[in-house]
1. Give a residue-ordered list of calculated ³J(HN,Hα) values for the range 96-103 (Karplus: 6.51 cos²θ - 1.76 cosθ + 1.60, θ = phi - 60°; whole Hz; x for Gly, Pro).
2. For a quick check, take a GNM of the chain with Cα springs below 10 Å and name the residue from HIS153, HIS103, HIS88 with the largest mean-square fluctuation.
3. Please figure out what share of the DSSP beta bridges in the chain is antiparallel and state it in percent, rounded to the nearest 5.
4. Compute the semi-axes of the equivalent ellipsoid of the range 1-76, taking the square root of 5 times each eigenvalue of the Cα gyration tensor, and list them largest first in whole Å.
5. About its Cα centre, how strong a charge dipole does the range 1-81 have in debye, to the nearest 20, once Lys and Arg get +1 and Asp and Glu get -1 at the Cβ?
6. Working out 0.36 nm times the residue gap between THR97 and ASP22, then minus their Cα-Cα distance, what length gain in nm do you get to one decimal?
7. Kirkwood Rh and Cα-based Rg: tell me the resulting Rg over Rh for the range 38-90, rounded to two decimals.
8. Step through the residues of the range 14-29 one at a time and calculate ³J(HN,Hα) from phi using the Karplus curve (6.51 cos²θ - 1.76 cosθ + 1.60, θ = phi - 60°), rounding each to whole Hz and writing x for Gly and Pro.
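The values are calculated or read from the model by the stated rules, or taken from the named source; none is laboratory data. Everything numeric here is computed off the predicted structure, so don't read it as measured data. Positions of Cβ are backbone-derived with ideal geometry, glycine not excepted, and every protein chain shown enters the neighbour counts. Remember, those area values only see protein heavy atoms, side chains included, never the ligands or the DNA or RNA. Shrake-Rupley method; radii C 1.70, N 1.55, O 1.52, S 1.80 Å.
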Amino acid sequence: MNLENAIRSVYDFPISGIDFKDITTLLKDRKAFRESIKQLAEISGYDIDIVVGMEARGFIFGAPLAYEIGAGFVPVRKPGKLPAETIHYEYSLEYGTDKLEMHKDAIKKGQKVLVVDDLLATGGTALATIKMIEKLGGIVEACLFLIELEDLHGRDELEGYKIESIIKY
C-alpha cells in the first residue's frame, strides 16, 4: 500500500506558502493506519526496550508500534503535563524557544530506545527528546518517522543517529 496516497495536502496552511501534510486522512483509514504501523515495525528491526513518542502525534504512532514490537512506551510532553518528577530540555525555534519533559524514571541506564514521531521537519523536537533519553542513560538505536520533509534538513540536526522514514517529500 502506498501510504502517501492516504495523506492529504492542505495548501497555504497554517500560513501562505506552506504545503501542510495532513495525516488525519491516513488515521481515519483503518487499512492505511494499520499499514503505517506495520511499515514502522518492519523498519524498526532492533531489539528495543522502550519506544519514546513526542506529544501529540508521536503518541499516535509510538504506542501501537511499541505494542507491535513488544516494547514499553514513554510519552514526551509539554511542560506541566506529567505528574511525577521530570527532566526537561529547552530548545530553539525559529522565533523563540520550546521545552519538552519526560519522567525522570522513564528510562533506565542501558535501555535501547526508538524515538518515533509522525514528521521529521527541522529535527529540533527529536533532538530534544534524544538529549533527555541520553541524560537518563538510554541508548538511542534509531529515530523513526512516518514523513520526512527533506527540504528542511532535519537529518542534519540528527547527524550521528540512525534515521528512518517511510514517506519523503
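1. Calculated HN-Hα couplings, in order: x, 9, 9, 9, 10, 9, 9, 4 Hz.
2. Of HIS153, HIS103, HIS88, the most mobile in the Gaussian network model is HIS153.
3. On the way: 13 of 35 bridges.
Antiparallel: roughly 35 percent of the beta bridges in the chain.
4. Working: eigenvalues 133, 47, 18 Å².
Result for the range 1-76: semi-axes of 26, 15, 9 Å.
5. On the way: 11 positive and 11 negative charges, 71 e Å.
Charge dipole, the range 1-81, about its Cα centre: 340 debye, nearest 20.
6. On the way: separation 75, 0.36 × 75 = 27.00 nm, distance 2.46 nm.
Full extension from THR97 to ASP22 adds 24.5 nm.
7. Values: Rg = 12.2 Å, Rh = 11.9 Å.
That ratio equals 1.02.
8. Each residue's phi maps through the Karplus curve to give x, 9, 4, x, 9, 9, 6, 8, 9, 7, 4, 5, 5, 5, 7, 8 Hz.
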